[in-house]
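I have placed the structure first, in the form of structure tokens, so that the comments after it can refer back to it.
Since every read-out is calculated from the coordinates, none of them should be taken as a lab result. Small disclaimer: the values here were computed from a predicted structure and weren't measured. Don't worry about glycine lacking a Cβ; one is built from the backbone with ideal geometry, like all the others, and counts go over all protein chains shown.
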Amino acid sequence: MKKDKISDFTLRITQSNRSGLVVVIYDITIEYINEAIEYYEKDEIEEFLDATKKARSCVYELMSVLDTKYPIAIELMPLYLYMNKLLIRSIIKRKPQDFEAIRRMLQGLSEAFTEVAKKDDSPVLMGNTQQVYAGLTYGKGALTESFSNQGSNRGFRV
């Protein structure tokens, strides 16, 4: 994954609550699926396998954090298991196994959880992070981000 994407996802993670974090994981998984397809089309099999394994790790993370006391978790588990099975087959066969279906499922789930995240008023999961304001200043040809309160109340206190 490119550094700008990593930075974007890192920023989103630091500013997310529980349901927002699920959306970020869906988007990261979609990004890895897209990368795997690009690598396969370029005949870069080792990179394809690496991106596929990373996508599988994301799906595994989604499976491992399901809270079965909610009915939606019981509905999501078969979808995650199916995605995981396709990703494992892709690794074994060294070629994409219905990545379009995985991407469609992930995009649909991402859209649904985005709506849930809009209604979720729980606090941000990560405390002591910098507040980022985008759009306050403009750089030459690009939007820049401003960080407020740099360094105060960050890290551990003894």
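So which trypsin sites (Lys or Arg not before Pro) in the stretch 21-84 pass both tests, a DSSP loop state and at most 16 other Cβ atoms within 10 Å of the Cβ?
Here the sparse-neighbourhood loop sites are Lys42, Lys69.
Could you check how many percent of all C-alpha pairs in the stretch 3-119 are farther apart than 26 Å?
When all Cα pairs of the stretch 3-119 are counted, 19 percent exceed 26 Å.
Treating cross-link reach as a plain straight distance, find the lysines whose alpha-carbon is under 26 Å from the alpha-carbon of Lys85, omitting any fewer than eight places away in the same chain.
Lys42, Lys53, Lys54, Lys69, Lys93, Lys95
Measure out, as a whole number of angstrom, how far apart the alpha-carbon centroids of the stretch 63-88 and the stretch 1-45 sit.
The stretch 63-88 and the stretch 1-45 have Cα centres separated by 19 Å.
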